[in-house]
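Accompanying notes for the structure given below.
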Amino acid sequence: MLDFFTPHLLHCLTFVEILEYVAGIKGSEVVKVDRFYPSSKVCSECDTINENLELKDRTWICSHCNTTQDLNAAINIQRVGASTLGLGNVRPANTEAVSV
């Protein structure tokens, strides 16, 4: 798949450019999520926002639903991407974000 690229050309491309190229070949699309989207701060189960989360914190337990948030950011980024493509909602319509 990347046989077309010479090692020198691969060195000049960014990861995103290679990802977009491969996605294009496979008929997929790369969706970029805003770098400031608070994917780690929002509980992926109940949408509670953890305002006290710091960069050093890798996991946290939601004070509202007691869910451990170790895969939280990945789930939230997937939801934003799906919403951008019209494949799903970032937040289900029947829930509201709760700030802690």
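Since every read-out is calculated from the coordinates, none of them should be taken as a lab result. On a predicted model such as this, the values are computed, not experimentally measured, just so you know. Because the Cβ atoms are built from the backbone with ideal geometry, glycine has one as well, and the counts that use them run over all protein chains shown.
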Completion exercise
The residues VAL31, VAL42, sorted from fewest to most surrounding Cβ atoms within 10 Å, come out as VAL31, VAL42
Exercise for the section: Mind checking segment 17-57 for trypsin sites (Lys or Arg not before Pro) that DSSP puts in a loop (not H, G, I, E or B) and that have at most 14 other Cβ atoms within 10 Å? Expected result: LYS26, LYS32, ARG35, LYS56
